[in-house]
Amino acid sequence: MPESIAVGNLVDAERDILAELETALSEHIALVLEWNRRLLVPGSDSNRDDDDTSPVQNHGHSHNHAHSHADDHDCNFGAWYALNQHNRLIDQPAIRSLATTHEQLHAAARRLLEHFEHDGRVDAAEYDAMALRAESFFAQIRRLERAFRTARSDVDPLTGAYNRQTMMSDLEIERERAIRTKSAAAIALVDLDHFKSVNDTHGHQAGDLVLQTIAGILQSHVRPFDKVYRYGGEEFLICLPNADMRQTARILERLRRVIEASPVTLTNGISLPITTSIGAAPILQDRQIGQIIEKADRALYAAKEGGRNRVRVWRTPESTENGKK
């Protein structure tokens, strides 16, 4: 079993959850087949005394059967849940319910086999109870897998930021909200300065580490209701609800300074300074999302033209402040 999934980032944790759920499903299909084999073929486990994988299991409770070939032990799913049950991704009603069904499945199978080994008869009601628990367990696992895979489909697997497929629909929703509530909002593009030289000089693994690190800084230093997306390559997009351009400039300048003060330590120990150029534009009623992103991109271009490692925001033509239309 892996170490607690509390170790590592959120994407790794979700990947571990999916892997363990798939393992649980495969294992318990095999266990149901084994339970049925023992019921239908009496004495079929008599030559397997050296096998330490009894299908009669529960969480830490051992039962001695006259004809059983091994003591109970935790299955992989049971051990995984015991290890991770207090993790914030695991400690939720759907997974607690799955764990309860899992315990009930093993308990039903144990009762069925105990009675069978005692009088050589399969009790129909107990068999039906075990079959129902197994069906419920498999169905719950599949629902959880679909839920996690759906959630993960919104996330860029490298950086953990939201992906571009999710971005456009989210931005449309935010534009409609800003128009409806007559509140200010903005979009910002963040570009890593001279990122190509990182890949060329230190390799693509170093480049990936830089992207992951910068994404982590962006996600942890924006406001709780801001959203960070991987726009493409070394560019990120930030949606900033309830922020006029003055507030937006302050937020983005703080991000720029944090990144500048946070060099990335590569696996070979090299400390690599990273800077960013950032451009922003307001979300306005008379502009579509594509047009707003274009304005933010032109402000980003102005930041690069101005020497990089700086923030520029889109200004209206009558504004006298720095920027590029």
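The values are calculated or read from the model by the stated rules, or taken from the named source; none is laboratory data. These numbers were taken from a predicted model, which means no experiment stands behind them. Cβ sites come from the backbone with ideal geometry, for glycine too, and all protein chains shown count toward neighbours. Side chains are part of the model used for accessible areas, which takes the heavy atoms of the whole protein and leaves out ligands, DNA and RNA. Shrake-Rupley method; radii C 1.70, N 1.55, O 1.52, S 1.80 Å.
Gain in length, residue 154 to residue 253, computed as 0.36 nm per residue apart minus the alpha-carbon separation, to one decimal in nm?
Working it through step by step, the gained length comes to 32.9 nm.
The Cβ shell under 14 Å around residue 179 holds other residues with a net charge of +1, Lys and Arg each +1, Asp and Glu each -1. In this rough spin-label picture, where each label sits 7 Å from Cα along the Cβ direction, the residue 128-residue 29 distance is 2.7 nm. Add +1 for every Lys or Arg and -1 for every Asp or Glu among the other residues with Cβ under 9 Å from the Cβ of residue 241, and state the total. After counting each charged neighbour, the total is +1.
Report the calculated FRET efficiency for residue 197 and residue 135 (r = Cβ-Cβ distance, R0 = 45 Å), to the nearest 0.05.
Numbers: r = 57 Å, r/R0 = 1.27.
According to the calculation, E is roughly 0.20.
For an R0 of 30 angstrom, estimate the FRET efficiency from the Cβ-Cβ distance between residue 266 and residue 294 and round to the nearest 0.05. Plugging the Cβ-Cβ distance into 1/(1 + (r/R0)^6) gives 0.30. Normalised per residue, the accessible area of region 219-314 is 47 Å², obtained with a 1.4 Å probe and no contribution from ligands, DNA or RNA. Treating r as the C-beta distance of residue 205 and residue 308 and R0 as 30 Å, the FRET efficiency rounds to 0.80. Projecting the Cα positions of 266, 221, 236 onto the charge dipole of region 216-270 (unit charges on Cβ atoms of Lys, Arg, Asp and Glu, taken about the Cα centre) puts 221 furthest along the positive direction.
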